[in-house]
Structures are given as C-alpha cells and as structure tokens.
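Report on the following structure.
The values are calculated or read from the model by the stated rules, or taken from the named source; none is laboratory data. Everything numeric here is computed off the predicted structure, so don't read it as measured data. Every residue, glycine as well, gets a Cβ built from its backbone with ideal geometry; the counts of neighbours run over all protein chains shown. Calculation scope for accessible area: heavy atoms of the full protein, side chains included, ligands and nucleic acids excluded. Shrake-Rupley method; radii C 1.70, N 1.55, O 1.52, S 1.80 Å.
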Amino acid sequence: MLNIVLFGPPGAGKGTQSQKLIAQYNLVHLSTGDLLRAQITQGTELGLTAKKLMDEGLLVPDAVVIGMIGSALKDNSQAGGFIFDGFPRTVAQAESLDRLMAEHNTQIACMIALEVQEEELVTRLLERGKTSNRPDDQDETKIRRRVTVYNTETAQVAGYYATQNKFHALNGIGAIEDIFGQICGLIDQNKAAAPETPAAATKEVKA
C-alpha cells in the first residue's frame, strides 16, 4: 500500500497534482475536512462528537480525527494507498498517524511538499479568486496569513519526516506534467527503498 503526505501552500497546485496521482497509483484522497463533513452527514458516533465540539467553537481533538482516518482505511482496504491532504499538521499528529499506519501493517512512504514563492502564490490566488467565489482567495491579507500558517505548520512536520528520510521538497513552479513527473520519480524511489512491514515479512517466512 502506497501512502503519501502531500503538502503545499494555498495556490501551489496541490489539488491538480493530487488528482493525477490518484489516477496514476489507484489512491484514495483523504482530506480531514471532507472526512469530518462525511462523518457528520452520516451521523456516526465520531461525527456526532465532532459536530458537538464544532458547534461549541472548539477544535476537534486529534484522537477523533485519527479515528475518522482509521475508519476510512478500513472502508477502502482495497485501495492502492492514500494521499493525505492537510494532515498531519503537527508532530503529534504525524506520530499518531505513524502508529495508525503500523496497526494496518503499512506506513507513510514519503512526504512531498510543493514549494512556491509567496508573491507567486498571492498572484495565483488573487487570479483564482475571480472565479472561485472564495472570500479568502480575494483578500491579499488573508492570503498572506494562510501562507504564513502553512509555512509554520509544515516546518515542524517536515522536520519529523526528514528524520525518517521521507521528506522531499519540489519546486511547484513549472509545467504541470514536469512537476508530476518529478513527484512520480520521488514516489517510485521511495517505494523501491521502503523496508518490508513486519506483517509482510512474517507472511513471507510462513510461506
């Protein structure tokens, strides 16, 4: 199973690349925001817990989010793997995700961050705001704040994956196909270098 953490600031082209990676590697896109909305709509226990907290203006605890991700892993057990979008955002979340992956006899293959200079991001998002109807794509101050938050959060998580030799930064400026090719190259290298999980090794010995 191939599991990728794909990061990039708003406007870096992460959404475009995610869709291409999903088709290339038969992956399931996991966005924590989408998971929360789905669980709430379905009225699950986790969803009801999350809704109660959100209605009170509180953050949803990591344990609840991890629980939702765990449910998604079970529901998509036949997938080739997962792209994690917007998660993890802290070292604690990354550690929890590693433990969850281990429980499913798999692991994160790599974290790939698309890097784009702030001025280019501002230009892209203001242009996108002309058609997206998103208020946060139309206000330069809000755009710069979003980029700052991303940079602050990613720096911590990047360091965590760097200690595992799984962090890779790529230039997010260029032709879409060229960037996609670079991402695929990194993914394929990490797949080839990834050690067997304990479960896989055990099965091989028994066979």
Checklist line | For F82, residues with placed amide H under 5 Å, excluding near neighbours | finding: L2, N3, I4, V28
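May I ask which of K14/K191; K14/K166; K142/K166; K14/K52; K20/K191; K14/K142 have a Cα-Cα span longer than 23 Å here? Walk me through the intermediate numbers first.
Details: K14/K191 21 Å; K14/K166 18 Å; K142/K166 31 Å; K14/K52 31 Å; K20/K191 18 Å; K14/K142 19 Å.
Correct reply: K142/K166; K14/K52.
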Item checked: Vicinal HN-Hα couplings computed from phi for the stretch 148-164 (Karplus, 6.51 cos²θ - 1.76 cosθ + 1.60; Hz; Gly/Pro x) -> 4, 4, 4, 4, 5, 5, 5, 4, 5, 5, 4, x, 4, 6, 5, 5, 9
Next item on the list: Please list the non-local residues whose amide H lies under 5 Å from the amide H of F167, H modeled 1.01 Å from N, same-chain partners needing a gap of 5 or more.
Entry: M111, A162
Next item on the list: Determine the calculated [θ] at 222 nm for the chain from helices alone, applying -39500 (n - 2.57) to every DSSP H run no shorter than 4 residues and normalising by the residue count; nearest 500 deg cm²/dmol.
Entry: -19500 deg cm²/dmol
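Order 130-139, 27-36 from most to least packed using the mean count of other Cβ atoms within 10 Å.
Numbers: 130-139: 12.3, 27-36: 17.1.
Going by the mean number of other Cβ atoms within 10 Å, highest first, we get 27-36, 130-139.
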Check: Around I66, with a cut-off of 12 angstrom between Cβ atoms, what is the net charge of the other residues, counting Lys and Arg +1 and Asp and Glu -1?
Finding: -3
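Counting Lys and Arg as +1 and Asp and Glu as -1, what is the net charge of the other residues whose Cβ lies under 13 Å from the Cβ of L121? Please list the in-between numbers first.
Values: positive: K14, R124, R128, K142, R144, R145, R146; negative: E115, E118, E119, E120, E127, D136, D137, E140.
With Lys, Arg at +1 and Asp, Glu at -1, the net is -1.
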Next item on the list: With a 1.4 Å probe and every protein chain kept in, tell me what percent of the accessible surface of the stretch 2-189 is carbon plus sulfur.
Entry: 51 percent
Check: Local charge sum around A94 (other residues, Cβ-Cβ under 13 Å, Lys/Arg +1, Asp/Glu -1)?
Finding: -1
Next item on the list: Among V28, V149, I108, pick out the residue whose Cα is farthest towards the positive end of the charge dipole of the chain, where Lys and Arg carry +1 and Asp and Glu carry -1 on C-beta, about the Cα centre.
Entry: V28
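Per residue, what accessible area does the chain have, given a 1.4 Å probe and all protein chains present, in Å²? Before the final figure, lay out the partial values.
Numbers: 11130 Å² over 207 residues.
Each residue of the chain exposes 54 Å² on average to a 1.4 Å probe.
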Checklist line | Partners for K74 among aspartates and glutamates (Cα-Cα distance below 20 Å; same-chain residues under 8 apart left out) | finding: D34, E45, D62, D85, E95, D98, E103
Notebook entry, point to check: Assigning unit charges at the beta carbon (Lys, Arg +1; Asp, Glu -1) and nothing else, what dipole magnitude in debye, to the nearest 20, does the chain show about its Cα centre?
Noted result: 280 debye
